[in-house]
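Below: the structure, in structure tokens.
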Amino acid sequence: MTLDCCWTLPSLGGFVYSLAFSPVDTGCLAIGVGDSMIRVWNTLSLSNTYDVKTFWQSIKSKVTALSWHPTKEGCLAFGTDDGKVGMYDTYSSKSIEIFQAPNLRLLCTIQQHHKLINAIRWHHEHGTQPELSYMIASGSINAIIYVHNLKSVIESSSKTPVTITEPFRTLVGHTAKITSLSWSPHHEGRLVSACYDGTAQVWDVLKEEPLCNYRGHRGRLLCVQWSPVDPDSVYTGADDFCVHKWLTSKQEYTRPPQGKKSTDLEKKRSSQPKPKAKKKKKPMGKVPAKQDVSDTVNGEEVVDNLLHENGISDPEEEKEAQEFSDKVSLAVSKELPLCPRVCSVSDLPKPFMNHKTTSVKKDHPKEKPVPDASVKKRKPRSILPISTSMDQRSKDELHQDCLMLATCLRSKGLNEGLTPDSGDHVHLGMFTDRAALYRMMEVEGKSHLENGHSELFQQLMLWKGDLKGILQSAAERGELTDQLVAMSPMAGYQAWVWTVEVFAKQLCFQEQYVKAASHLLSIHKVYEAVELLKTNHFYREAIVIAKARLRPEDPVLKDLYTCWAAILEKDGHYSSAAKCYLGAASPYDAVKVLAKKGDVASLKTAAELAQIVGEKDLATTFSFRCAQELLSARNWVGAQEVLQQQESLLGQRLVFCLNELLCKCLSERNPSERKSCSLPCYHSWVVRNQGSFLEMVSEVWRSVFGVNTTEQAKTVFEQLHSIEYPPATSNTHPKQLLFHLSHDLTLAVLSHETAAWDEAVKAILGAVTRSYDAGNFILMQEICNLLLPKGCDHLRDHLDSTNTQSMAAYRSLEGFVAYGLLYDLWWNLPKDSLVSVQAVLDSVPCPSKQTAVNQSYLTAVSSPEETTNQTEMENLPSADHNNRTERIRTASLSDLGERQLKLNGYKMLLSEVHAALQSTQKDVSEVQQTLANMIRQHQRNNLQESIKDGAQESKMHVSSEIESDGLVPPSSQSQCKEAAKEPVSLPELMKQLTEANQKLAEFPESLKVFPFPDVLECGLVLLHIGSQCPTELSPELQQQALDLVRKYSRAKVYEKICRKFLT
């Protein structure tokens, strides 16, 4: 068993503090990192080795602890070093996945919505147009409905899932989140949607047109269903505790109201100016001088409140508002007959009297006073209604009151005998002593409260001087007003403070938080006011108060900035969050949050900000990231301008310079292959030198970047040599591959400038093998032609022959150069020397006892399939390589000296020691793969047995699931089938692995460090060239290739190589 690392997980921005495997999904590994992020790695993914999801939202510190839920899949809890605990659902998604029943094969993924999806509905299938049944509608929080047509996806026979990013139809009009959708079962392409803006909308999906809009609910709509019986009926439910049935043909509006979002409807209504009802002209004549102005004001407030509760504020509803106002005014006048709305002329302010009445006449040119006797004789409500009514009784009763009052006043002590406040004589208390007056006022006050006139009760108690009683009573009923609060200091300091606190609570209940905070400030409760605004997310107002009233070093101010920044960051307002962090004296967090968007402008600003605040490391990091984004857009000029701001990035400037020169050379050599949607932005110094590539790079470095001395080159080399990039794969993006190649070539040029030839060889070898690992053979050839136009023999003269590492690296580089020349020969075989394959095979002697490999080779070469596909085989890897190689290799292959050098290179490719090493490595890899498959299958069997009772049934189900889901690659499946025929025990596999590792350990380390072209592949190509053009290769070379293929090719490995070579 080897202890070599199989793979690593790159791009971790901090220390790894915690690891946790999911008990439900055993291959799911959660990683807690010190960069305030959580990675969830699917370690069992065979298609993508680094299948990683990243979670960072709402995490503000290092993730130091992780724990999966024992039974709930995808539920991950985490803890941070600042004492906070959170939870993530790792399977939450904002996309729609379509699966095919019954095997649940993923057909496609719809990545359209950017927020939470609330509703999704398929179109019905019982219409005259069957293709409409493939339509699926979805709605999310972003108030937009997308309709996708999945006919092509469902009817397609492709086994690869498709990603859909463009909708078939888009329905726009709602102003809040979509909560429910329903297709009409009676129509085709007709959809109804329910929304938080308080309306339901019917759409014609095919035309993308709104048909009608229902606004009958007084709350947010939560669900909708089309009637299955009546084509005109729709049912909706809302948070107003009602279910409405309405008809689509009877609706007045066609689209949702614009400019209103019902998520904050109440707050918005309270902030808007109240629409005023049209005032009628006052009748002329005598009017009582004293009026109850408060009644009139209260009457207008009733109208305004009713108007606001109905949400009438849109310009298109002015007519409806006026009609509603008139109706409400009539209703109020009927319900409050004792509240006249007539004001005395003497009560109005004098400036109003001086105004001309022409404007009034224009509003009502023909309106005349209505002769209404009841309005003329109506008096204001009396504050002492009981006493007033008692004085309007019959003459006899009034005479008796006089007698009673005289008796009481003449009696001894004024309270003995018959008292004036008993029974029907309570109104006489105002003519006797104070105690009787208080009893009369108490009776009058109770009457006001019973009739709902609390303001009159408060005035009566104020006359009595019981201000504390007024405040206590108003506070209990929640009827404190600004006037009472203004008068509360008359009752003392404590009473004033208590009244303001209670009034603030009352305002909070009415959601008037800013006004409540202002009242708290009046009693010097600054911290309570700030906390109140912070709790209700009025951070801007809270910061202003704290900044104005508290000390600059008060921690409350920093906490406000930090909390507001967290919310802004969560909502995606990174610039505002950065300003908050700067206000909280946290420039590091400001720089990081500003760079979260990841675009060029954000990264550039973050780098400049980090430079200003002294965060040099962050400035360097974000400048480099910004330059990489500009490099992706082929803007080398902008990238150099960004890197120039950081002196420590001189090495990266050289890398970007070489990348620019390399891309320019590649585009000139192969203009048809270097197409891009964006035009490149090159520097003018790219075309100054027409010499070799190395000379051009060195001259630009000296003239532009000032790299003139060996010490400077060594310093830059040490800086770049410490940077390591992950190895390339077939999935590596071409632009990323070119950048990594530029890094390797920069090290090579710097080593060349400092005469460090061993490092130069290693750097060139790294660039060549990186392009080889990425599967870009043409790029590998062109790099060899740019750096080694005459081969690599001149490098050997500068190397120390006693240094095994340097010589091993040189042999590897020489092998890859010869590998490119071998394919050049194959793609440019002379047509006059081509012979038939069968004729060559007939001339090859076949021994009586051949190995299985030789028999399989002869069978593969002489098979009818190879004969019919011989044309394809001759064009491998692609037919258009002929033109490329003709431009690359202009020298004639007939030159005898050059031909001899190439033959020596071909012979070097047939290295038997490398063939033995590669064969042993393949043995180790096969055994390790078999062990991995066995362990994985054993884990799945245990998991299935814990769920199902039958162990045999579980084992069959898991094996079929592995094969059907494609979790095991084809080669592994074939190995499993062979293992089923010939079972191999675990001890036997361990024994094979030990023997293979022992054999591998016998090879020198210098041979294993550096890669080498596949010797068997080279042997097969040479045999194929020899069969096509026998004159191009010597018989000894062909025989050597055949001997190597026979010796080191086993059945499985040989089949794999033939499959790769012949397809």
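The values are calculated or read from the model by the stated rules, or taken from the named source; none is laboratory data. Every value quoted in this text rests on a predicted model; they were computed, and no experiment measured them. Here Cβ is always computed from backbone atoms with ideal geometry, including for glycine, and neighbour counts include all displayed protein chains. Heads up: the accessible areas ignore ligands, DNA and RNA and are worked out on the full protein's heavy atoms, side chains in. Shrake-Rupley method; radii C 1.70, N 1.55, O 1.52, S 1.80 Å.
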*Of all residues in region 401-429, which are open to solvent by 70 Å² or more (accessible area, probe 1.4 Å) and modelled with pLDDT of 80 or more?*
Cys402, Leu403, Thr407, Leu409
*Using the structure shown, decide if Ser632 is at negative phi and open to solvent by 40 Å² or more (accessible area, probe 1.4 Å).*
yes
*In region 1001-1015, what count of residues is obtained for those that are of a type in the set (A, V, I, L, M) and surrounded by 16 or more Cβ atoms within 10 Å (Cβ to Cβ)?*
2
*Is it fair to say Ala475 is at pLDDT 85 or above, over 28 Å from Ser411 (Cβ atoms), open to solvent by 20 Å² or more (accessible area, probe 1.4 Å) and aliphatic (A, V, I, L, M)?*
yes
*Please enumerate the residues belonging to region 176-199 that are open to solvent by less than 30 Å² (accessible area, probe 1.4 Å), in contact with a His (Cβ under 9 Å, 6 or more places away or on another chain) and either over 20 Å from Met135 (Cβ atoms) or not hydroxyl-bearing (Ser, Thr, Tyr) (or both).*
Trp183, Gly189, Leu191, Cys195, Asp197, Gly198, Thr199
*Go through region 454-493 and count every residue that is closer than 12 Å to Met441 by Cβ, touching a residue at least 60 places away in the same chain (Cβ under 8 Å) and acidic (Asp, Glu).*
0
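Given the options Ser730, Ser771, name the one that is surrounded by fewer than 19 Cβ atoms within 10 Å (Cβ to Cβ), in contact (Cβ under 8 Å) with a residue 24 or more places away in the chain and of a type in the set (Ser, Thr, Tyr).
After applying the criteria, what remains is Ser730.
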*Just to be sure, is Glu647 open to solvent by 30 Å² or more (accessible area, probe 1.4 Å) and either out of contact with any strand residue (DSSP E or B) (no Cβ under 8 Å at 6 or more places or on another chain) or charged (D, E, K, R) (or both)?*
yes
*Inspect all residues belonging to region 800-814 and state whether any of them is assigned to a helix (DSSP H, G or I), among the β-branched types (Val, Ile, Thr) and crowded, with 23+ Cβ neighbours inside 10 Å.*
no
_Going residue by residue through region 509-516, is there one that turns out to be touching a residue at least 40 places away in the same chain (Cβ under 8 Å) and within 17 Å of Glu531 (Cβ to Cβ)?_
yes
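Within region 430-481, restricting attention to residues that are part of a loop (DSSP other than H, G, I, E, B) and either of a type in the set (S, T, N, Q) or touching a strand residue (DSSP E or B) at 6+ places or on another chain (Cβ under 8 Å) (or both), which residue is nearest to Cys402 (Cα to Cα)?
Taking the candidates together, the pick is Thr432.
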*asked:* Being more than 30 Å from Asp240 (Cβ to Cβ) and surrounded by fewer than 14 Cβ atoms within 10 Å (Cβ to Cβ) is the requirement here; does Thr170 meet it?
replied: no
*What are the residues in region 534-549 that are crowded, with 16+ Cβ neighbours inside 10 Å and of a type outside the set (S, T, N, Q), if any?*
Lys534, Phe538, Tyr539, Glu541, Ala542, Ile543, Ile545, Ala546
*Is it the case that some residue within region 117-126 is touching a His at 6+ places or on another chain (Cβ under 7 Å) and either more than 24 Å from Lys592 (Cβ to Cβ) or open to solvent by 50 Å² or more (accessible area, probe 1.4 Å) (or both)?*
no
*Is it fair to say Ser692 is touching a residue at least 60 places away in the same chain (Cβ under 8 Å) and open to solvent by 10 Å² or more (accessible area, probe 1.4 Å)?*
yes
_Cβ-Cβ under 8 Å pairs, at least 6 apart or on other chains, region 519-530 side open to solvent by 40 Å² or more (accessible area, probe 1.4 Å), far side of a type in the set (Gly, Ala, Ser) and not in a helix (DSSP H, G or I)_ = none
*asked:* Can you pull out every residue in region 16-34 that is at pLDDT 90 or above and not hydroxyl-bearing (Ser, Thr, Tyr)?
replied: Val16, Leu19, Ala20, Phe21, Cys28, Leu29, Ala30, Ile31, Gly32, Val33, Gly34
*Residues Val697, Val707: which one is buried (at least 19 other Cβ atoms within 10 Å of the Cβ), in a helix (DSSP H, G or I) and modelled with pLDDT of 80 or more?*
Val697
*Checking Leu745 against (1) surrounded by 19 or more Cβ atoms within 10 Å (Cβ to Cβ); (2) in contact with a His (Cβ under 6 Å, 6 or more places away or on another chain), which single condition isn't satisfied?*
(2)
*Breaking point among (1) free of Cβ contacts under 8 Å to residues at least 24 places away in the same chain; (2) closer than 16 Å to Pro257 by Cβ; (3) not aromatic (Phe, Trp, Tyr), for Asn149*: (2)
*Answer with yes or no whether Arg625 is out of contact with any Ser or Thr (no Cβ under 8 Å at 6 or more places or on another chain) and without any contact (Cβ under 8 Å) to a residue 24 or more places away in the chain.*
no
*Hey, can you tell me all the residues within region 562-607 that are open to solvent by less than 40 Å² (accessible area, probe 1.4 Å) and among the β-branched types (Val, Ile, Thr)?*
Val591, Val593
_Take the conditions over 28 Å from the mean Cα position of the chain (by Cα), among the hydroxyl-bearing types (Ser, Thr, Tyr) and at pLDDT below 80 and apply them to Ser157. Does it pass?_
yes
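Residues are listed down the side, and each one gets a yes or a no for (1) of a type in the set (A, V, I, L, M); (2) open to solvent by 70 Å² or more (accessible area, probe 1.4 Å); (3) in contact (Cβ under 8 Å) with a residue 40 or more places away in the chain; (4) within 30 Å of Val593 (Cβ to Cβ):
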{"position": "Thr43", "(1), (2), (3), (4)": "no, no, no, no"}
{"position": "Val52", "(1), (2), (3), (4)": "yes, no, yes, yes"}
{"position": "Gln57", "(1), (2), (3), (4)": "no, yes, yes, yes"}
{"position": "Leu76", "(1), (2), (3), (4)": "yes, no, yes, yes"}
{"position": "Glu97", "(1), (2), (3), (4)": "no, yes, no, no"}
{"position": "Asn103", "(1), (2), (3), (4)": "no, yes, yes, no"}
{"position": "His113", "(1), (2), (3), (4)": "no, no, no, yes"}
*Condition check for His148: touching a Cys at 6+ places or on another chain (Cβ under 7 Å) and open to solvent by less than 60 Å² (accessible area, probe 1.4 Å)*: no
